[in-house]
């Protein structure tokens, strides 16, 4: 679990518990209790768990307290706190569907074989206006196969996220994976949430056949990369797939060229460069990739100055646009961006992690050998995509010898990539 953002409030365990136990009307801001409930994820102790359980059991109906109950449930799930199961079970009948959702999720994380809890979760599928995808996922995680008959009504749901979860869970419970092609089709949905959720469903199903389609799905490479890594980490040791099969797909994902994706959006007519650059700030990366493709195909000459201008104005502080600008500067082989790319390569702010790998790829594209020494320093890092991107960039710059540094890396795929490059020396 990535905990980089959990410990942001600089509270001790005692301080967080004290805030959580203070009545909201005694605090300057009643939402301080929400912060405290979130912060206690850092303390897996009986004291913290007891305080969180008490918060879950506080049924004051004010909005701020409902928010605290939701967050306390989530934190108990992250802590996998088995003593909380009874309290979380009691939340399943709550009128607040979000309290129910978080309680279900938490129970799924904690785990239980209690038939009463499992059946009460399954019954929520018959209740209107619930978070059905979360419920279905919990039932799958808890392996409650008795729910399969209730799942059938969701396989044609108009919500692709719910439909995909239902189909996947039925396939897993029944052992018949013939309908998984319908989940693969959701990778090309116009709805970005459908695309993202279908990737998770394919991971859950260990559906290795979909790795090529996942690699081409127009969502952030974070989702695609996570999927392929997770499937490979299980499939390679099991003999289901080989690194040689997925290496080209990993290279394409890390390289992240729009021409390697199956884009789901299109323009009625060629947009202006100004419009295309604005699209780089979209949260739906499918739109960002279309804009990137358009800039590369239609605005090569004008684009560098426009990209440097948008970087100076706002992309420097927008992690999505920042990422796309770094990649574009590399593909455009804009040599004056060398120093900017080196700066991005070494940026340690968590939200700009993707841009470090993007900068590595861009430096390889620009082809300036001065980058080799800078890139080598990035081989010793816990950041997986940065290591992989650095290996790709060094190969592009004619340096395959550095791969020896990673010959004994703890990650199977990094070792395999280093060995693959080493064999080409």
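The values are calculated or read from the model by the stated rules, or taken from the named source; none is laboratory data. Because the structure is predicted, anything quoted here is derived from the model rather than measured. Every residue, glycine as well, gets a Cβ built from its backbone with ideal geometry; the counts of neighbours run over all protein chains shown.
The requirement of being more than 24 Å from the chain's Cα centre (by Cα) and either in a helix (DSSP H, G or I) or farther than 20 Å from residue 218 by Cα (or both) is satisfied by residue 178.
Kindly indicate whether any position in region 58-68 is within 15 Å of residue 102 (Cβ to Cβ) and not in a helix (DSSP H, G or I). Yes, region 58-68 contains at least one residue that is within 15 Å of residue 102 (Cβ to Cβ) and not in a helix (DSSP H, G or I). Specify which of the listed residues (122, 138, 103) is over 26 Å from the mean Cα position of the chain (by Cα) and crowded, with 21+ Cβ neighbours inside 10 Å. That would be 122, the only listed residue that is over 26 Å from the mean Cα position of the chain (by Cα) and crowded, with 21+ Cβ neighbours inside 10 Å.
If you check 385, 368 for being within 21 Å of residue 325 (Cα to Cα), outside any helix (DSSP H, G or I) and assigned by TED's automatic domain parsing to the domain that holds residue 332, only one passes: 368.
Residue 163 satisfies every condition listed in (1) free of Cβ contacts under 8 Å to residues at least 24 places away in the same chain; (2) under 24 Å from the mean Cα position of the chain (by Cα); (3) surrounded by fewer than 19 Cβ atoms within 10 Å (Cβ to Cβ) except (3). Of all residues in region 115-137, those satisfying the criterion of being part of a loop (DSSP other than H, G, I, E, B) and in contact with a helix residue (DSSP H, G or I) (Cβ under 7 Å, 6 or more places away or on another chain) are 129, 130, 131. Looking only at residues of region 13-52 that are buried (at least 18 other Cβ atoms within 10 Å of the Cβ) and in a loop (DSSP other than H, G, I, E, B), we find that the one that is modelled with the highest pLDDT is 43.
Would you check if residue 253 is more than 23 Å from residue 320 (Cβ to Cβ) and touching a helix residue (DSSP H, G or I) at 6+ places or on another chain (Cβ under 8 Å)? Here the answer is no, as residue 253 does not meet what is asked.
For region 300-311, the criterion of being in the same structural domain as residue 375 (by TED's automatic domain parsing) and within 16 Å of residue 256 (Cα to Cα) is met by none of the residues.
On the stretch given as region 298-317, residues that are under 25 Å from residue 222 (Cα atoms) and in contact with a helix residue (DSSP H, G or I) (Cβ under 9 Å, 6 or more places away or on another chain) total 7.
Taken over region 138-151, the criterion of being within 12 Å of residue 173 (Cα to Cα) and either part of a loop (DSSP other than H, G, I, E, B) or in contact with a helix residue (DSSP H, G or I) (Cβ under 8 Å, 6 or more places away or on another chain) (or both) is satisfied by 139, 140, 141, 142, 143, 144, 145, 146, 147, 148, 151. Would you please name the residue that is farthest from the chain's Cα centre (by Cα), looking only at residues in region 213-240 that are more than 25 Å from residue 353 (Cα to Cα) and surrounded by fewer than 17 Cβ atoms within 10 Å (Cβ to Cβ)? That would be 239.
Inside region 317-334, residues that are surrounded by fewer than 20 Cβ atoms within 10 Å (Cβ to Cβ) and closer than 18 Å to residue 283 by Cβ make up a count of 4.
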